[in-house]
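Right, one structure below, let's go through it.
The values are calculated or read from the model by the stated rules, or taken from the named source; none is laboratory data. The shown structure was predicted, so the numbers you read here are calculated from the model rather than taken from an experiment. So basically every Cβ, Gly included, is an ideal-geometry build from the backbone, and we count neighbours across all protein chains shown. Calculation scope for accessible area: heavy atoms of the full protein, side chains included, ligands and nucleic acids excluded. Shrake-Rupley method; radii C 1.70, N 1.55, O 1.52, S 1.80 Å.
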Amino acid sequence: RLHTIGRGSLVKCLQKVDTFLHRNIGTNVVAVQEKNGFKSLYAVHAERQEQAERSVLISCHSRTNEKNFLKYIANYGDIQKYFFYESFGMYAVVEFANQESVASLLEGTAIPSISHESLVPFKSRLLSMRNLDSRDVLNQPSIKKGQAQTSIPINELIQRLSKEESIDQQITSLTEAYQLTEENCRLRFLVCSLLKDIAASFFPECTIMPFGSSVNGFGKLGCDLDMFLDLDGISGKNATMPKSGLFLEYQMKRANFERIVTQNILSVIGECVDQFGPGCVGVQKILNARCPLVRFTHQPSGFQCDLTANNRVAMKSTELLYLYGELDPRVRHLVFTVRCWARAHGITSSIPGAWISNFSLTIMVLFFLQRRSPPIIPTLDHLRDLAGPEDKSVIEDNDCTFVSDFSKIQLESNTETLEQLLCEFFEFYASFCFSKLSINIRKGKEQNKLPAVPLHIQNPFETTLNVSKNVNASQVDRFVALCQESSWLIQQNITAPSRGGTKGNATITPWGVSTLLLPSQVAGIKSRKRRKFEPTSERIKSLLESLKNTNNQPNQS
Ligand code: CTP
Ligand code: MG
């Protein structure tokens, strides 16, 4: 066919192929990385982002007739997937089979007619379904129930876990109850995609990617949405510079430091999110932080959002955590359980302060798993040694290289159960010498540290930084005291009690992991003295009794 087309058409055709290859270069990488049954985070991102671009978010009346709703939407194209959820009202996420359908839906969407207010005429993919025929709303079957996008309350979780037969089952069940659902994950990518539409007004080639617990495999329903505005695709680094002769370059504003550029960009985009972004409320620009960010609530999804830029190291640590979580299922189970336990006792908090963060806690679990004999997961140095040339990554002088091909990683055959690991975790940190030693997942070994720092957890990539710099000594003491108590508590409640009563009204006695989530008696402990492991049957009895009181609300959101 090439013989029959003219030179002009051939050039055009080649240009199209070139664009296609550029756009889809990631897909080739994805194909390589999906081999061996493992999906790289890169592959997950590519797939989810593409789904999100074909999706819209629609607020609708809870009494909307589902069939009519879908019939109306299907006028614009084939629906690939949809779901309803409840946040502040009922919402639907609709994913079309083709992106063109979104454009055609938006074309058929009206601007609201209001008389007493004025509108910012910014069109987005956040829409509202109106029904002018009120009889339709009242007389037809409505949407059954939208899924909640938050995790179950802790008392309900304790009840659920108490019904399990073994501690291993309890831990698995906890992960299932808390982890992000498929729908919640889609919603997170959709919110990033909606935000990207705002940023793209200035930077059409930008992307906004979620990082942190939204995508690292350790996210709990209701966790914040960390977003990274990636402008790297725009940089002129890829343009070919001729050795001699004429060439054109862009005129661009300059600043003395990259940090200033980041702050300026976030400031403007933060302003746009505040002034133009439908559903975005409570926008705060926190530009003087070590990592400048814009914080806001995306009301339709209920997500607390943190938008950062130029934060590629955090992207790498997200990728690393994801990899560790994929290597062995015990990693995710243990992280979920420890995070839940820590939250129940106020070791972690949603309010910033001198507490241990979830990120620090995750690194502590990873370190513990590296210290098992044989180790359950390899050290970061080992993952770096396995890396190929394609994995090389140096960000601001930090070596962020580690292997991305999962098949190169040989795991040792550790057969410890989740129950053993949980007990050992508490033992390990109950006697860890926090005053002298630092936690280091790069080396997989404790390192000496300065005594003045209460808790030192080396940042895996920015190795001069301490991930837990904010943590004060009393928080470390509380953590140790709770590890000691929990270590003892789990030993006392290791077996499921035999079920009493007749079927249906049998009393549920908390045991195993459930007992660890009950309010602690060591909340006020300041001393680092090891608790006496005396058989304080009265204390444990009162702890267990507290669950039977349904009004009892442990410290948990
Ligand atoms: N991060 C980091 N160094 C820190 C804090 C955070 O590199 N001192 C990176 C990590 O990749 C972390 C991400 O930023 O996963 C997001 O931070 P944060 O929201 O605090 O933690 P999450 O892992 O997302 O956990 P959470 O569920 O509490 O949000
Ligand atoms: Mg987060």
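For residue 145, a cut-off of 15 angstrom between C-alpha atoms picks up these aspartates and glutamates, skipping any fewer than 8 places away in its own chain: 66, 86, 183.
For the stretch 167-301, averaging the sequence separation of C-alpha pairs within contact (under 8 Å, six or more residues apart) and dividing by the residue count gives a relative contact order of 18 percent. What residue among 400, 377, 418 has its Cα farthest toward the positive end of the dipole of the stretch 369-422, where the charges are +1 on Lys, Arg and -1 on Asp, Glu, each on the Cβ? Among 400, 377, 418, the one farthest towards the positive end of the dipole of the stretch 369-422 is 418. In this label model, residue 507 and residue 205 are separated by 6.9 nm, measuring between points 7 Å along each Cα→Cβ vector. At a Förster radius of 22 Å, what calculated FRET efficiency corresponds to the Cβ-Cβ distance of residue 100 and residue 276, to the nearest 0.05? For R0 = 22 Å, the calculated efficiency reads 0.30. In this structure, the residue pairs whose Cα-Cα separation is over 28 Å, taken from 392/445; 196/220; 81/392; 81/163; 220/469; 392/436, are 81/392; 81/163; 392/436. With a 1.4 Å probe and every protein chain kept in, tell me what percent of the accessible surface of the stretch 29-129 is carbon plus sulfur. The C+S portion of the solvent-accessible surface of the stretch 29-129 is 51 percent.
The distance between label points at residue 83 and residue 396 comes to 3.5 nm (points 7 Å beyond Cα on the Cα→Cβ vector).
The peptide list 512-518, 282-288, 248-254, put in order of mean Cβ contacts within 10 Å with the highest first, becomes 512-518, 282-288, 248-254. If the chain linking residue 286 and residue 453 were pulled fully straight, counting 0.36 nm for each residue of separation and taking away their Cα-Cα distance, it would gain 57.5 nm.
Surface composition of the stretch 361-488: carbon plus sulfur atoms contribute 49% of the solvent-accessible area (1.4 Å probe, protein chains only, all chains present).
Using the Cβ-Cβ distance between residue 119 and residue 420 with R0 set to 60 Å, the FRET efficiency works out to roughly 0.50. On the protein heavy atoms, probe 1.4 angstrom, tell me the percent of accessible surface of the stretch 212-268 carried by carbon and sulfur. Answer for the stretch 212-268 is 56 percent, counting heavy atoms of protein chains only.
For residue 408, list the aspartates and glutamates whose Cα falls under 12 Å from its own Cα; do not include residues on the same chain fewer than 8 positions away. Within the straight-line limit of under 12 Å, residue 408 reaches these aspartates and glutamates: 385.
Charge dipole (Cα centre; +1 on Lys/Arg Cβ, -1 on Asp/Glu Cβ; no other charges) of the stretch 240-303 amounts to roughly 240 debye. Simple rule: put +1 on each Lys or Arg Cβ and -1 on each Asp or Glu Cβ in the stretch 266-411, find the dipole, and look at 292, 338, 365; the Cα lying farthest toward the positive end is 338.
For the stretch 177-263, a simple Cβ point-charge model (Lys and Arg +1, Asp and Glu -1, everything else neutral) yields a dipole of about 280 debye relative to the Cα centre. For the stretch 329-373, the gyration tensor built on C-alpha atoms gives a prolate shape. Its axis ratio a/c (a ≥ b ≥ c) is at least 1.5, and a/b is the larger of a/b and b/c. With all protein chains kept in place, the per residue accessible area of the stretch 182-286 amounts to 56 square angstrom at a probe of 1.4 angstrom. How big is the gap, in Å, between the Cα center of the stretch 216-232 and the Cα center of the stretch 419-454? Rounded to whole Å, the Cα centres lie 27 Å apart. Multiplying the residue separation of residue 435 and residue 221 by 0.36 nm and subtracting their alpha-carbon distance yields 73.6 nm. Go ahead and run the numbers for FRET between residue 373 and residue 407, Cβ-Cβ distance against an R0 of 30 Å, rounding to 0.05. Once rounded, the FRET efficiency stands at 0.75.
Note: relative contact order over the stretch 312-410, using C-alpha pairs below 8 Å and six or more positions apart, is 22 percent.
The modelled label-to-label distance between residue 251 and residue 267, using points 7 Å beyond Cα along the C-beta direction, is 2.2 nm.
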